[in-house]
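Let me begin by presenting the structure, written as structure tokens, before commenting on it.
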Amino acid sequence: MTKSTENALHDCETQMHQPSVINQISELRKHLSNIRRQSKTIALVPTMGALHQGHLSLIQTAHQHADCVVASIFVNPTQFGVGEDFDSYPRTEQEDIEKLASEGVDCIFIPSAKEMYPTGFCSSVDLQGPARELETSHRPHFFSGVATVVTKLLLSVMPDTAIFGEKDYQQLQVIKQFTRDLNIPVKIIGAPTLRETDGLAMSSRNAYLSPAERKIAAQLYAQLVNCEADLSKNQSWQEVQRKAITNLTQIGFEVDYLELRDSQTLNLPIIGNQRRLLVAAKLGKTRLIDNIHIPAAS
Ligand code: AMP
């Protein structure tokens with residue numbers, strides 16, 4: 001057994017250890033091939049860092065599905081539009097590494113933008129289906145950027161499973177669709193949204209909220225829950241939607257969309273199918289998204 005194989009095995013089997021922090025795809029592949037040679041399974045959790053408990057819950061889910069957990073931290077420039085928050089996005093690399101170490105992550109991949117997009121890079125993944133409308137109507141390049149970077153991460157790690165949060169529900173459906181369409185051999189697992197005690201979905205972007213905005217922000221989820229209650233009383237969707245948008249607007253939100261969709265295709269809902277209620281709204285400079293499950297209409 002080579003020294004690096006021993007190290008890789010050790011990485012897999014020790015609970016509290018320092019993860020390998022790797023910046024280059026070639027080094028990552030070498031490290032993971034040693035692990036794979038031992039017939040260990042690998043789970044990938046892609047993130048943009050500024051980690052919170054929601055991210056860490058994905059790591060815990062990953063441990064349930066694989067022997068070795070790889071996390072990536074990369075603030076992906078191609079999924080940010082002009083005038084969006086790429087430059088100001090919170091970057092807390094050292095704290096993130098410590099949090100991931102305490103969750104027993106085996107390997108942390110932190111590539112540079114140059115490593116992911118070397119000079120001359122000019123390809124991207126083209127999407128339809130669940131990528132249409134909703135986020136795409138407001139951030140037209142977003143999913144192409146996400147799908148391209150996720151494809152590169154999947155092909156660099158070649159994990160058995162990859163975990164994504166339902167917090168970004170449209171993103172989760174897009175990733176399930178294009179990995180299936182492109183025959184990328186990975187099982188995509190969706191994990192539930194972790195919330196603050198007042199219901200606000202945990203998000204790295206919550207750090208942008210002022211104390212006053214932070215109090216109001218919890219209303220986004222509260223309105224989703226109201227909508228669910230009204231729908232269960234057979235109120236019409238148009239009426240429920242109008243009421244919730246009015247409520248959110250009155251307390252200071254600028255609503256990008258509040259839509260009820262089929263939970264898988266994200267097309268308009270069909271009677272008898274599970275549904276998803278999705279919202280995106282700006283509060284001051286902060287854009288928040290959230291969603292909840294809505295049972296099938298009978
Ligand atoms: P991000 O760093 O925002 O790109 O998120 C990385 C992953 O964490 C994505 O799969 C997100 O859906 C997931 N995630 C973000 N916030 C939460 C949350 N509150 N609960 C669970 N997963 C989350």
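Quick note: the coordinates plus some simple rules give every number you see, no bench work behind them. Given the structure is predicted, the values throughout are model-derived calculations rather than measurements. As a convention, Cβ positions derive from the backbone with ideal geometry for all residues, glycine included, and neighbour counts pool all protein chains shown.
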Toy charge model, Lys and Arg Cβ at +1, Asp and Glu Cβ at -1: region 16-191 dipole around Cα centroid in debye, rounded to 20, equals 620
Helix 142-157: inclination vs the chain longest Cα principal axis, degrees, rounded to 10, gives 20
To the nearest 10 degrees, the tilt of helix 25-37 (Cα long axis) against the first principal axis of the alpha carbons of the chain is 80
Of all DSSP beta bridges with both partners in the chain, the antiparallel percent, nearest 5, is 50
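Could you list, in their original order, any pairs among LYS167/LYS215; LYS152/LYS187; LYS40/LYS114; LYS99/LYS167; LYS167/LYS282; LYS114/LYS285 whose Cα atoms are separated by more than 24 Å?
Exceeds cut-off: LYS40/LYS114; LYS114/LYS285.
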If unit charges are put on Cβ atoms (+1 for Lys and Arg, -1 for Asp and Glu) and the dipole of region 16-191 is taken about its Cα centre, the option from HIS138, HIS55, HIS17 lying farthest towards the positive end turns out to be HIS17
Between the residues HIS293, ILE270, ASN226, the Cα farthest towards the positive end of the dipole of the chain, that dipole coming from +1 and -1 charges on the beta-carbon of Lys, Arg, Asp and Glu, is from ILE270
Expressed in angstrom and rounded, the centroid-to-centroid distance over alpha carbons for region 24-56 and region 275-298 is 30
To the nearest 20 debye, the chain has a Cα-centred charge dipole, built from +1 on Lys and Arg Cβ and -1 on Asp and Glu Cβ, of 400
Toy charge model, Lys and Arg Cβ at +1, Asp and Glu Cβ at -1: region 204-292 dipole around Cα centroid in debye, rounded to 20, equals 220
Burial-style ranking of 228-237, 151-160, average other-beta-carbon count within 10 Å with highest first, yields 151-160, 228-237
With Cα coordinates, the longest principal axis of the chain makes an angle with the long axis of helix 237-250, in degrees rounded to 10, of 80
